[in-house]
Amino acid sequence: MNLADPAVVVPVSVKVPDLTQHRLARALRQRVRYRYVKPRVLREGTGFRIQSPCCSRKVDASGGMIDIALLLPRAGNRWCLCSRDHANQRWVAQFQDEPLDTVLDFLCVDSERQFWP
């Protein structure tokens, strides 16, 4: 099959897996904090939102799913990593214009507890 041929039609229903989303999920398995819970990586527009059960019970006393981080793509394969200000219900940019590997390191180590409250 020659995809350059205008007679070839690729069905719209074909979904190509997002390798970035898979890469994020794989990196989160190597995180330092709360390794016993399983976070979710969700599509959020052009970026990704990460949710996790609230283990500390500081944000959600019942231990429900809470937003942990938001990753937004920038020009030149750079990313903005935001943490969630749960008290004010808003995202706060923590690291801007960084390579994906760098923001994943910040997120997975989280030595200052900006992401995993």
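Side notes on the structure shown:
- Selection of trypsin sites (Lys or Arg not before Pro), the stretch 19-117, meeting DSSP coil and at most 12 other Cβ within 10 Å: Arg29, Arg35, Arg57, Lys58, Arg113
- Of Trp91, Trp116, Trp79, the residue with the largest accessible area leads and the full order is Trp91, Trp79, Trp116 (1.4 Å probe).
The values are calculated or read from the model by the stated rules, or taken from the named source; none is laboratory data. Only a predicted model underlies this, so the values are computations on that prediction, with no experimental measurement involved. Ideal geometry is used to build each Cβ from the backbone, glycine not excepted, and the neighbour counts take in all protein chains shown. For accessibility, only protein heavy atoms count, side chains too; no ligands or nucleic acids. Shrake-Rupley method; radii C 1.70, N 1.55, O 1.52, S 1.80 Å.
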